[in-house]
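The values are calculated or read from the model by the stated rules, or taken from the named source; none is laboratory data. Being a predicted model, the structure only gives us computed values, none of them experimental. Please note: Cβ atoms are built from the backbone with ideal geometry, for glycine as well, and neighbour counts cover all protein chains shown.
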Amino acid sequence: MIDLHCHILPGIDDGARDLETSLAMARAFVADGVSIVACTPHILPGLYHNSGPQIRHATAKLQELLIERDIPLRLTTGADNHVIPEFLSELRSGKLLSLADSRYVLVEPPHHVAPPRLEELFFSLITASYVPILTHPERLTWINSAYASMERLHTAGAWFQVTAGSLSGDFGRNARYWAERLLDEGKVHLLATDAHDLKTRPPRLSRGRELAAKRVGDKEAVNLVVTRPRGVLHNVPPSELPPPGLQSNAVTPERAVVDKNGRADDARNSGHSRGRSLVGRLREFFQ
């Protein structure tokens, strides 16, 4: 598997606090079946003053150490690029980084406030021949009220990356609901760990792949963690990669539902049918 969103570089942001943590995370990745990881620390003016050259140097240094320690994990460069007004110019200058110097670039909006002109930013990137990847949309607290905007971004050509832990409920019911709904609607292009450490945000991609397979089938689950990530690393145009979507032989299980106030609940315990599978509704009808 290939993980394109991870905070494994030591002491550079809120991820791995030191080199030993980075090495332990690398070993955990290998044990989980991951062979390639994109080092994507935050670039956030005022908080994480990272830059392209700095990230390149830190990635190369950690890669050398992994080779010395005989840890078979290949690293590549990238960044968790936060939304800023001069995003496109900073990307072109090399201060912000795309994934493996490809056309694909992670874009992280604020978690709790919908940024103004977000669609304008994404459209400018697409016009400039980049493929913007919206990081963990399911975890954004404002997704409940701005989903129409995200649908427009998807239609325009933006990619969505969901965090593996969201599918197992690590980020709460609301995040799980949206992760499952995005999968069911064929809007998820990539599954990644967004790992920060070994305890609270561990590098565990295989569990997310297994949960995704139950909803969209084994082939699409492989696309989420192997086929499309490999295409990103090789800068393959999106049109030449398999589009996301439910396999014909996959059965979509029930998912959490979200009420009008944005609160998530389990469909099995809810009187509402929204988000339930057809099988689940038929079973209830005949009981």
Filter segment 74-90 down to residues that are aromatic (Phe, Trp, Tyr) and in contact with a Phe, Trp or Tyr (Cβ under 8 Å, 6 or more places away or on another chain), then give me how many there are.
0
For segment 1-92, which fully contained strands (runs of 3 or more DSSP E) count at least 3 residues that are among the hydrophobic types (A, V, I, L, M, F, W, C) and touching a Cys at 6+ places or on another chain (Cβ under 9 Å)?
36-39
Name the pairs: first residue in segment 71-96 and over 22 Å from Ile36 (Cα atoms), second residue in a loop (DSSP other than H, G, I, E, B) and polar (S, T, N, Q), Cβ to Cβ under 6 Å, at least 6 apart or on different chains?
Lys95/Ser51
Condition met for Gly208 (out of contact with any Asp or Glu (no Cβ under 8 Å at 6 or more places or on another chain), surrounded by 16 or more Cβ atoms within 10 Å (Cβ to Cβ) and touching a residue at least 12 places away in the same chain (Cβ under 8 Å))
yes
In this structure, is Gly231 closer than 29 Å to Asp13 by Cα, part of a helix (DSSP H, G or I), in contact with a strand residue (DSSP E or B) (Cβ under 6 Å, 6 or more places away or on another chain) and of a type outside the set (Lys, Arg)?
no
What pairs can you find where one residue is in segment 11-38 and among the aromatic types (Phe, Trp, Tyr), the other is assigned to a loop (DSSP other than H, G, I, E, B), and their Cβ atoms are less than 7 Å apart, with a gap of 6+ or different chains?
Phe29/Leu73; Phe29/Pro203
Checklist (1) more than 21 Å from Met25 (Cα to Cα); (2) not in a loop (DSSP other than H, G, I, E, B) applied to Gly165, failing item:
(1)
Candidates Asp197, Asp184, Asp259, filtered to the one that is acidic (Asp, Glu), modelled with pLDDT of 95 or more and more than 24 Å from His42 (Cβ to Cβ):
Asp184
Just a yes or no: is a residue in segment 20-42 at pLDDT below 95, over 22 Å from the mean Cα position of the chain (by Cα) and either exposed (fewer than 14 other Cβ atoms within 10 Å of the Cβ) or not assigned by TED's automatic domain parsing to the domain that holds Pro237 (or both)?
no
Checking Pro85, Pro72, Pro115 in turn, the sole residue that is more than 22 Å from the chain's Cα centre (by Cα), modelled with pLDDT under 95 and of a type outside the set (Lys, Arg) turns out to be Pro85
